[in-house]
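Some notes on the structure that comes next.
The values are calculated or read from the model by the stated rules, or taken from the named source; none is laboratory data. Because the structure is predicted, anything quoted here is derived from the model rather than measured. Here the Cβ positions follow ideal geometry from the backbone for every residue, glycine too, while neighbour counts run over all protein chains shown. Heads up: the accessible areas ignore ligands, DNA and RNA and are worked out on the full protein's heavy atoms, side chains in. Shrake-Rupley method; radii C 1.70, N 1.55, O 1.52, S 1.80 Å.
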Amino acid sequence: MIVGPRLRRLLLALHLSCSVGWIGSICAYLALAFAVPATDDPAVVRASWIGMEVVGWYAIVPLALGSLATGVLMGAVTKWGLLRHYWVVISLVGTVVLTTVLIMHMPDVTAQTQRARTAGEGELLVMGSDILHAVVGLVLLIGIMMLNIYKPRGLTRYGWRKDRAARAAVRPGSTLSGA
């Protein structure tokens, strides 16, 4: 099912808002994560971990889910489809994996935040940070974004069959076998 241009633009705006918001919220998370090893102030460490938890649960996770949902909807109702083009399949799989890893990782962030809330000053100053996880996620998201901007050619086998069937339906007397 292909939707009209107004609905397509609305879906695209929602998808881009969620996707770019996801990237932006990871940047905010990273700023807090970098503050942990960069300070000698236990209050900053505690506040940074609390901030990472809040940004994670209330910005990153909802935006990741929104990006995934709107991406699936866009694929389902536009000419690109969900399984017709390799770039869409790669983008979908990447988004599902990143969202899953994020949701599985957030309880660890919550546990570290609870530790930071009750830790003494000495323990706070030796707490690690969550930089690597956020940097890897950010790099992969930017890769998915670039894939969606450049849309490299290449139909999947399913897309090739659908394309061939559509062309055959337009030409009277043609068959799918090419005979």
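Just one of Tyr86, Tyr29 is within 17 Å of Leu138 (Cβ to Cβ), touching a Gly at 6+ places or on another chain (Cβ under 8 Å) and hydroxyl-bearing (Ser, Thr, Tyr); which is it?
The match here is Tyr29.
What number of residues in region 10-52 are within 22 Å of Gly75 (Cα to Cα), small (Gly, Ala, Ser) and either out of contact with any Ser or Thr (no Cβ under 9 Å at 6 or more places or on another chain) or not in a helix (DSSP H, G or I) (or both)?
Qualifying residue count for the region: 1.
If I ask for residues that are surrounded by 18 or more Cβ atoms within 10 Å (Cβ to Cβ) and assigned to a helix (DSSP H, G or I), which ones from region 67-86 would you list?
Listed by number, the residues that qualify are Ser67, Leu68, Thr70, Gly71, Met74, Gly75.
I need a count of the residues in region 1-34 that are open to solvent by 30 Å² or more (accessible area, probe 1.4 Å) and within 17 Å of Arg117 (Cα to Cα).
1
Does region 53-65 contain any residue that is open to solvent by less than 30 Å² (accessible area, probe 1.4 Å), assigned to a helix (DSSP H, G or I) and without any contact (Cβ under 8 Å) to a residue 24 or more places away in the chain?
no
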